[in-house]
Amino acid sequence: QRRRIPVLDPFFDRVSMLLWPRFKHVCDANIRSIKTATPKKLGPVDTSPHYVARRYAELVSSVLTLHGGTDSLGVGGGGEHMLMQTVQQLRIELVALLEKLGAMLLHSKDRKVFFINNLDQILSVFQERRIISEEVQRFEDLLTQQRELFAEEELRESFPRLISFVLQTENVMSQGSSGTGTGTGKRGGGGGGGGVSLDEELVGNLVREFSQSWRAGIQVINDDVLAYFSNFRNGMEILKQVLTQLLLYYTRFQDIIKRAWARPPSFVKDIVSTATILMEIKRYSRTF
């Protein structure tokens, strides 16, 4: 077509009519294989990437590369409707299979780590093959979602009382209710514009507990990320996300105190400044 030689068009049309049905049959067989796979027969499962994810990524990368979905060929990641439907169905079944494999792990956090590591491996293969396709964006969205879930669970393990207090108290304040966000009925020294009374002793204990343990908690988070994620780039992004989320929670905790007490309470001297926490976060980001 580029050279305006149409004489071979009928030949290529006949080849395509022979090729596409066979290609569709092979793709359907792969989809059925993933859909009907028995997780227990696919080998042991831990938090590391499963070989099924690697095989899927290699297959889809090859299909999209042959189709022209690479920047090296200068072609976008569109394509024939049948081909894109097949690739989409492969992704749906692969994600469902990963969920089944992850369900074999006992702990919720391990299941999230398993999912993140497999999604990261798939995206790494796509990046190596320079794939440009909507499928890449779908997996990036899934990875972002799983990272957020992991960050939340990691913080709940490291700072359970602080996170629980912030969420419960914010909920009470948003409803404009009186009473405490922690289930206690004691009146604090404040009662500012937040429409909620807080137990000063309880909040003071939370402040002092955090001031004594926050550095150790960040170290635990860092150690967990190093242990769980072998891809350093992925691990660094997750570490940043967890520590940034911690800083946001602590900022919200400080806002609650400001709203609940018209005058600074006695424990205000023990509050760790956000600037101090931010400096610690930057230190871990540099050394990861």
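Things worth noting here:
- If you run the Gaussian network model on the chain, springs between alpha carbon atoms under 10 Å, then out of Gly43, Gly217, Gly204 the most flexible one is Gly43.
- Surface composition of the stretch 1-68: carbon plus sulfur atoms contribute 61% of the solvent-accessible area (1.4 Å probe, protein chains only, all chains present).
- Cross-link check: pairs Lys100/Lys240; Lys112/Lys282; Lys40/Lys109; Lys100/Lys282; Lys41/Lys109; Lys24/Lys109 evaluated at a Cα-Cα cut-off of 31 Å; pairs beyond the cut-off: Lys100/Lys282; Lys24/Lys109.
- Projected area, mean over directions - the chain, Cα convex hull, nm²: 20.6
- Listed residue (Ile271, Leu119, Tyr250) projecting farthest to the positive dipole end of the chain, Cβ model: Leu119
- Potential lengthening of the chain between Leu247 and Gln212 amounts to 11.0 nm, from the contour at 0.36 nm per residue minus the alpha-carbon distance.
- Relative contact order (%) - criterion: Cα under 8 Å, at least six apart; region: the chain: 16
- Per the Debye formula on identical point scatterers at the alpha carbon atoms of the stretch 206-274, with no solvent, log10 I(q)/I(0) at q = 0.21, 0.23 Å⁻¹ is -0.89, -0.99.
- Alpha-carbon radius of gyration plus Dmax, which is the widest Cα pair, for the stretch 8-127 in Å: 16.8, 60
- Å² of accessible area per residue within the stretch 194-288, as computed with a 1.4 Å probe and no ligands counted: 50
- Those trypsin sites (Lys or Arg not before Pro) in the stretch 1-38 that DSSP places in a loop and that have at most 14 other beta carbons within 10 Å: Arg2, Arg3, Arg4
- Sum of -39500 (n - 2.57) over DSSP H runs of 4+, divided by residues of the chain (222 nm, nearest 500): -24500 deg cm²/dmol
- Charge dipole (debye, nearest 20) of the stretch 206-272; +1 at Cβ of Lys and Arg, -1 at Cβ of Asp and Glu: 380
- Choice from Pro49, Pro265, Pro21 with maximal GNM fluctuation in the chain (Cα, 10 Å cutoff): Pro21
- Taken about its Cα centre, the chain carries a charge dipole of roughly 360 debye when the Cβ of each Lys and Arg holds +1 and the Cβ of each Asp and Glu holds -1.
The values are calculated or read from the model by the stated rules, or taken from the named source; none is laboratory data. Quantities reported herein were computed from a predicted structural model and do not represent experimental measurements. Note that we place each Cβ from the backbone using ideal geometry, even for glycine, and neighbour counts take in every protein chain shown. Please note that ligands, DNA and RNA were not included when accessible areas were found on the heavy atoms of the full protein model with its side chains. Shrake-Rupley method; radii C 1.70, N 1.55, O 1.52, S 1.80 Å.
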